[in-house]
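Asker: I have a structure I would like to understand better, so I am pasting it below and will then ask my questions one at a time.
The values are calculated or read from the model by the stated rules, or taken from the named source; none is laboratory data. What you see is a predicted model; the values in this text were computed from it and never measured. Ideal geometry is used to build each Cβ from the backbone, glycine not excepted, and the neighbour counts take in all protein chains shown. Ligands, DNA and RNA are excluded from the accessible area calculation, which covers all protein heavy atoms including side chains. Shrake-Rupley method; radii C 1.70, N 1.55, O 1.52, S 1.80 Å.
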Amino acid sequence: KAGVTQTPRYLIKTRGQQVTLSCSPISGHRSVSWYQQTPGQGLQFLFEYFSETQRNKGNFPGRFSGRQFSNSRSEMNVSTLELGDSALYLCASRRDWGSTEAFFGQGTRLTVV
Amino acid sequence: DAKTTQPTSMDCAEGRAANLPCNHSTISGNEYVYWYRQIHSQGPQYIIHGLKNNETNEMASLIITEDRKSSTLILPHATLRDTAVYYCILSNAGGTSYGKLTFGQGTILTVHP
């Protein structure tokens, strides 16, 4: 079966712009989490959605937001981009809220110039 | 703050067993030990998890000490494709932060021919 799909794979944006990243979880999975990975901070949890509701949130400013649709697909948005937002953004899906195994996508590489 | 401690790097010869240690001296009773790995430029991949009993699957074995303060991930016959960063993570089942994975710096495992 198809894995977690993230689009686009690569993105270049200018400071001050906003960006929307998309994640399609594995078919049948209802939980989607987002992570940011940078060389300095490593992998950091952004937020998690389940049944269209945000269930968990990491320590990121309000410029980072997300949502989940009824088909479990998720988007995350970053407004007023800063150079420090350059990172690999990873999406992970789990079958249910209580599922133990998370499946990660390949990520979206965002570069802010 | 990371609740696990792992060596920064380890080397292993191809075909030999790779034993990756993890210290988690402040683990609580309902926290599971999870292992993920991240091969360069890919999203993290789930390997195995356990609560207090030793676990084995097709990828690896997980040995958890009786006091649960440390664990060891064992790759029985390491191959070059096992070169990756290995993360040891604690996550509590059923808790409000259940879906959140807190990644530390992990162990860079390099498998040599």
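Asker: Could you grab the relative contact order for chain B? Cα pairs under 8 Å, six or more apart, rounded to a whole percent. List each step's numbers first, then the result.
Answerer: Working: 271 pairs, mean separation 40.9, N = 113.
Rounded, it is 36 percent for chain B.
Asker: Continuing with the same structure: A drop of at least 30 square angstrom in accessible area, chain alone versus all protein chains together, probe 1.4 Å. Which residues of region A:92-113 meet that?
Answerer: Going by heavy-atom accessible area, the residues of region A:92-113 that drop by at least 30 Å² are A:W97, A:T100, A:E101, A:A102, A:F104, A:Q106.
Asker: Which whole-number value in Å³ per residue fits the convex hull of the alpha carbons of chain B?
Answerer: On the way: hull volume 11.1 nm³, N = 113.
So the per-residue hull volume is 98 Å³.
Asker: Residue by residue through region B:48-65, which ³J(HN,Hα) values in whole Hz follow from phi under the Karplus form 6.51 cos²θ - 1.76 cosθ + 1.60 (θ = phi - 60°), with glycine and proline marked x?
Answerer: Along region B:48-65, the couplings run 6, 8, x, 9, 9, 8, 5, 10, 9, 9, 5, 9, 7, 10, 10, 10, 10, 5 Hz.
Asker: Sticking with this one: With a 1.4 Å probe and all protein chains kept in place, how do B:R16, B:R37, A:R109, A:R67 rank by accessible area, largest first?
Answerer: Values: B:R16 160, B:R37 25, A:R109 100, A:R67 125 Å².
Putting B:R16, B:R37, A:R109, A:R67 in descending order of accessible area: B:R16, A:R67, A:R109, B:R37.
Asker: Just to confirm, what accessible area per residue do you get for chain B at 1.4 Å probe, in whole Å²? Show your work: numbers first, answer last.
Answerer: Working: 5780 Å² over 113 residues.
That works out to 51 Å² per residue.
Asker: Right, something else. Please arrange B:H112, B:H24, B:H77, B:H40 by accessible surface area, largest first, computed with a 1.4 Å probe and ligands excluded. Before the final figure, lay out each step's value.
Answerer: Details: B:H112 80, B:H24 0, B:H77 135, B:H40 160 Å².
The residues order as B:H40, B:H77, B:H112, B:H24, largest area first.
Asker: Just the accessible area for B:K100, please: 1.4 Å probe, Å², rounded to the nearest 10?
Answerer: Here the residue's solvent-accessible area equals roughly 70 Å².
Asker: For a distance above 19 Å, tell me the whole-number percent of Cα pairs in chain A that qualify. Each step should come with its number before you reach the end.
Answerer: Working: 2458 of 6328 pairs.
Everything past 19 Å amounts to 39 percent.
Asker: Sorted from largest to smallest, which semi-axis lengths in Å does the alpha carbon gyration tensor of the protein assembly as shown give for its equivalent ellipsoid, taking the root of 5 times each eigenvalue? Present the calculation step by step, with values, prior to reporting the outcome.
Answerer: Details: eigenvalues 178, 80, 52 Å².
Semi-axes, largest first: 30, 20, 16 Å.
Asker: What's the longest piece of chain A with no exposed chymotrypsin sites (Phe, Trp or Tyr not before Pro), counting a site as exposed if DSSP puts it in a loop and it has at most 16 other beta carbons within 10 Å? The partial results should precede the final answer.
Answerer: On the way: sites that count: A:F69, A:W97.
That would be A:1-68.
Asker: Buried accessible area between A and B (1.4 Å probe, both chains summed, ligands and nucleic acids excluded), in Å² to the nearest 100?
Answerer: Working: alone 6060 and 6570 Å², together 11060 Å².
Approximately 1600 Å² gets buried when A meets B.
Asker: Now for a separate question. Would you please name the GluC sites (Glu not before Pro) within region B:1-78 that are DSSP coil residues with at most 10 other C-beta atoms within 10 Å of their C-beta? Before the final figure, lay out each step's value.
Answerer: Working: sites: B:E14, B:E31, B:E55, B:E58, B:E66; in loops: B:E14, B:E58, B:E66.
Answer in residue order: B:E58, B:E66.
Asker: Further, regarding this structure: Can you send over the carbon and sulfur percentage of the accessible area for chain B, probe radius 1.4 Å, protein chains only? All intermediate terms of the calculation are to be shown ahead of the outcome.
Answerer: On the way: 2790 of 5780 Å².
Ligands and nucleic acids excluded, carbon and sulfur give 48 percent.
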